[in-house]
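*Asks:* What follows is a single structure, and I will ask about it in a moment.
The values are calculated or read from the model by the stated rules, or taken from the named source; none is laboratory data. Quantities reported herein were computed from a predicted structural model and do not represent experimental measurements. Don't worry about glycine lacking a Cβ; one is built from the backbone with ideal geometry, like all the others, and counts go over all protein chains shown.
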Amino acid sequence: MPDQIDRSIEITRRRFLAGSAMAGFAAFLAACGTGGTGSSAPTEPPATEAGPTATPAPPTEKPSPAAELNFANWPLYMDTDDNDPTKHKTLDDFTAEYGTKVNYSEVINDNDQFFGTIKAPLEAGQDSGWDLIVLTDWMASRLVRLQWLEKFDLGNVPNYVANLEDSFKAPDWDKTNEYHAPWQAGMTGLGFDSKVTGDLTSLNEFWNPKWKGRLTYLTEMRDTVGFALNKLGFKRTDFTMDQFDQAIAELQKAVDEKLVRAFTGNEYAESMVAGDVVVAMAWSGDILQKQADKDTLRFQIPDEGGALWYDNMLIPKGAQHKYTAELMIDFVYRPDKAAQIEAWINYICPVKGAKEELIKIDADLGNSPLIFPTADMYAKVTGFRAMTEEEEAHANDAFSTLIGS
Amino acid sequence: MTAVNANRGGGFLQRRRGLVPLLLLAPGVLWLAFFYVYPAFQMFLSSFWTGSLEKGFTFSLGNWTTYPDAIVRYQEQFVRSILYAGAATILTFLIAYPLAWTIAFKGGRWKNLLIFLVIAPFFTSFLLRTVSWKIILGDSGIVLGPLKDVGLLPEEFRVLATPIAVVSGITYNFLPFMTLPIYVSLEKMDFRLIEAARDLYAGPWRRPGAIIGAIVGGGLLAVLAGIFEWSIVPVAAFGAVAGAVIGALLISEAFVRVTFPLSLPGVFAGSLLVLIPAIGDYVNAELLGTTNTRMIGNVIQSRYLVNTDYPTAAALSFVMMAAILVAVLIYARALGTENLTASRGL
């Protein structure tokens with residue numbers, strides 16, 4: 001690992017505990033706001049401005065950038081000055097170019113928690129206060145389903161149209177890529193301590209009695225159930241709910257046999273460094289970072305398949321500065337800006353051309369397959385299919401029961 | 001003129017003396033009304049909803065069945081929460097009482113420093129304190145590592161991801177809430193009462209002390225053994241022997257007849273301060289536990305945030321509040337509410 005990155009603060013994205021007290025409160029307030037009116041029937045499709053679909057010609061009336069942009073993101077998800085945590089070079093560059101002040105807030109610690117905070121205004125058809133938010137694919141698909149997002153004017157985002165990595169195009173919940181722009185991605189696979197386990201390649205290791213009590217699963221439902229689906233020979237991208245239930249049963253076996261030490265968020269990475277856990281369902285970025293503390297840690301996409309997930313820039317319905325938000329999306333899809341961000345945050349970059357730019361900054365990082373995966377790796381990882389509301393409710397319920405709550 | 005006006009002002013409050021308490025109460029009452037009563041009422045309403053986030057929720061009194069359904073489905077987590085919180089309360093008492101006693105009576109000029117040390121962990125966030133237990137209790141960490149190295153423990157032995165880790169975490173996190181009230185009640189005690197008791201032959205109390213110690217120690221460890229699924233008889237026997245030795249050495253008649261009764265208000269307050277938040281705690285279970293150590297707090301947070309099943313979450317919260325209320329009332333009745341005011345006998 002190059003040493004320019006301060007890793008003293010562990011990345012806690014995807015971990016719900018970080019802000020859980022507030023989260024509970026927020027969700028509670030949100031729940032109050034629903035008020036039993038039952039009035040959340042979807043409104044008509046989002047009104048479109050200039051060119052609704054792929055018309056890369058600029059819109060007839062060119063709007064001007066707004067004075068400010070309200071941007072909500074996860075902590076440690078933007079390049080940051082080593083000496084001044086409030087300075088982000090990419091955002092300063094944006095201000096210099098467009099004159100827009102970016103109100104950048106690292107307020108998203110958890111998809112569900114953040115959803116609780118924007119639910120009430122969006123449900124009431126009001127502005128959420130944010131122009132640009134970053135949420136994980138499955139939550140983004142829920143927002144698309146609820147029609148709580150603005151549709152991009154693709155004419156305003158030519159870099160996005162041109163530079164989006166092919167593997168991220170056209171998920172089943174947004175086939176035209178008009179509601180979401182991937183911000184960063186990550187892979188879920190097999191994490192292990194090669195000193196203890198040797199080299200592992202199969203996801204059967206997640207059910208191997210040899211690792212009893214030193215094996216962890218993830219609290220992220222789609223990641224964990226996905227491996228069980230793969231183990232049974234089903235597909236993450238296309239499964240029936242009956243197959244889903246079989247996958248839950250397969251996981252239940254491992255729980256009943258006490259193979260699984262715990263279901264965790266990012267904490268498994270710390271436990272692997274401490275030696276308490278030797279095999280884990282793991283996120284690529286965590287292992288990459290923790291290799292600095294323990295160089296025998298390895299990340300492997302299982303032969304049977306792994307997961308590709310990504311966080312997306314989204315424009316909430318009724319955003320005050322939609323055009324400026326589109327400018328920002330387009331700005332970070334410029335390869336040089338994407339590389340500038342990537343050099344600091346080290347996730348998987350969904351921008352074509354960023355690799356060459358990053359190699360100029362830092363050759364080691366630019367050539368790392370955990371930041372720019374090879375085609376071979378992309379071939380093995382898939383997303384999780386979109387679910388209907390009923391399916392999602394059933395899936396969450398079954399998974400909650402599995403993990404004991 | 002001004003003096004006259006000032007007098008008039010004073011006269012107003014004097015004439016309406018009855019208003020003073022109301023004015024003093026107003027901020028607290030308003031705060032409670034806005035931030036407790038109103039949300040609690042809303043939550044109560046939402047426990048009668050049916051529906052889903054996307055289709056919307058509708059209210060109907062017919063949805064009372066949410067309550068029995070939730071209790072039946074999550075009875076295991078309810079019982080576990082009460083057991084863990086109860087065990088943690090007992091453990092904090094066992095640790096805090098000697099600690100508070102020592103600081104109060106033997107602390108001398110170090111008293112303030114020692115009390116500061118009791119509170120010091122609170123300068124760090126609850127979450128970080130809990131995470132640090134993961135490091136301390138690690139399978140090859142600073143506690144278990146050396147014991148395994150010398151062969152005292154089998155290699156696969158672990159504390160993390162077991163009920164012991166969760167109860168230990170709660171005990172640690174809530175220890176100051178038990179220590180401080182007991183310390184306060186002991187510290188203000190008039191030591192001359194104890195001297196007087198000694199003068200009246202309330203001295204060492206070997207045999208009754210040993211009996212009390214054996215009963216208390218054996219009983220407590222039997223309860224803990226039940227919770228942790230250890231074999232009860234040997235553990236309880238060990239507790240009885242240890243309790244008898246400690247009781248014979250430390251318990252004097254003066255302690256039983258004077259010191260302990262006078263410290264009961266502190267014990268009462270401390271127990272409530274530990275027990276009530278501990279029942280609802282979910283951080284320890286989340287970080288230190290595993291699937292079969294989940295508590296009711298974990299269920300409520302997951303129902304709210306992950307499953308967006310607001311009615312069940314609200315119903316569970318209300319059942320929990322009701323259960324705690326009943327438990328506290330029984331406890332207050334048993335120990336006597338006048339203990340809370342602490343003025344009796346002094």
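*Asks:* Condition first: within 14 Å of another protein chain (Cβ to nearest Cβ) and over 20 Å from the mean Cα position of the chain (by Cα). Can you find one or more residues in region B:162-170 that meet it?
*Replies:* yes
*Asks:* Next up: Can you tell me which condition B:Glu253 does not meet? The list is (1) among the charged types (D, E, K, R); (2) under 30 Å from B:Ala161 (Cα atoms); (3) surrounded by fewer than 21 Cβ atoms within 10 Å (Cβ to Cβ), and all the others hold.
*Replies:* (2)
*Asks:* How many of the residues making up region B:56-83 are within 10 Å of chain A (Cβ to nearest Cβ) and either surrounded by 13 or more Cβ atoms within 10 Å (Cβ to Cβ) or under 22 Å from the mean Cα position of the chain (by Cα) (or both)?
*Replies:* 9
*Asks:* Identify, from the list A:Asp295, A:Asp276, the residue that is over 24 Å from the mean Cα position of the chain (by Cα) and buried (at least 24 other Cβ atoms within 10 Å of the Cβ).
*Replies:* None of the others qualify; the one that does is A:Asp276.
*Asks:* Is one or more of the residues making up region B:210-228 of a type in the set (Phe, Trp, Tyr), in a helix (DSSP H, G or I) and more than 30 Å from B:Val326 (Cβ to Cβ)?
*Replies:* No, that holds for no residue.
*Asks:* Here is a further query. State whether the residues of region A:372-390 include one that is surrounded by fewer than 19 Cβ atoms within 10 Å (Cβ to Cβ), within 14 Å of chain B (Cβ to nearest Cβ) and part of a helix (DSSP H, G or I).
*Replies:* yes
*Asks:* Give the residues of region A:253-284 that are more than 10 Å from chain B (Cβ to nearest Cβ), closer than 15 Å to A:Thr224 by Cβ and touching a residue at least 60 places away in the same chain (Cβ under 8 Å), sorted by residue number.
*Replies:* Result: A:Asn266, A:Tyr268, A:Val279, A:Ala280, A:Met281, A:Ala282, A:Trp283.
*Asks:* Can you pull out every residue in region B:229-249 that is more than 19 Å from B:Ile90 (Cα to Cα), part of a helix (DSSP H, G or I) and not β-branched (Val, Ile, Thr)?
*Replies:* B:Pro234, B:Ala248, B:Leu249
*Asks:* Now a separate question. Scan region A:201-260 residue by residue and report those that are more than 17 Å from A:Val381 (Cβ to Cβ) and aromatic (Phe, Trp, Tyr).
*Replies:* A:Trp207, A:Trp211, A:Tyr217, A:Phe244
*Asks:* Go through region B:64-112 and report how many residues are part of a helix (DSSP H, G or I) and more than 14 Å from B:Leu275 (Cβ to Cβ).
*Replies:* The qualifying residues number 33.
*Asks:* Test B:Asn307 against the criterion of being within 14 Å of another protein chain (Cβ to nearest Cβ) and under 21 Å from B:Tyr84 (Cβ atoms), and give yes or no.
*Replies:* For B:Asn307, the condition - within 14 Å of another protein chain (Cβ to nearest Cβ) and under 21 Å from B:Tyr84 (Cβ atoms) - is not met.
*Asks:* Among helices (runs of 4 or more DSSP H) lying entirely in region A:109-198, which contain 1 or more residues that are in the same structural domain as A:Met221 (by TED's automatic domain parsing)?
*Replies:* Answer list for region A:109-198: A:194-197.
*Asks:* Would region A:344-359 turn up any residue that is touching a strand residue (DSSP E or B) at 6+ places or on another chain (Cβ under 8 Å) and without any contact (Cβ under 8 Å) to a residue 40 or more places away in the chain?
*Replies:* no
*Asks:* Which one of the conditions (1) surrounded by fewer than 24 Cβ atoms within 10 Å (Cβ to Cβ); (2) farther than 18 Å from B:Leu91 by Cα does B:Leu316 fail to meet, given that it meets all the rest?
*Replies:* Just one mismatch for B:Leu316, condition (1).
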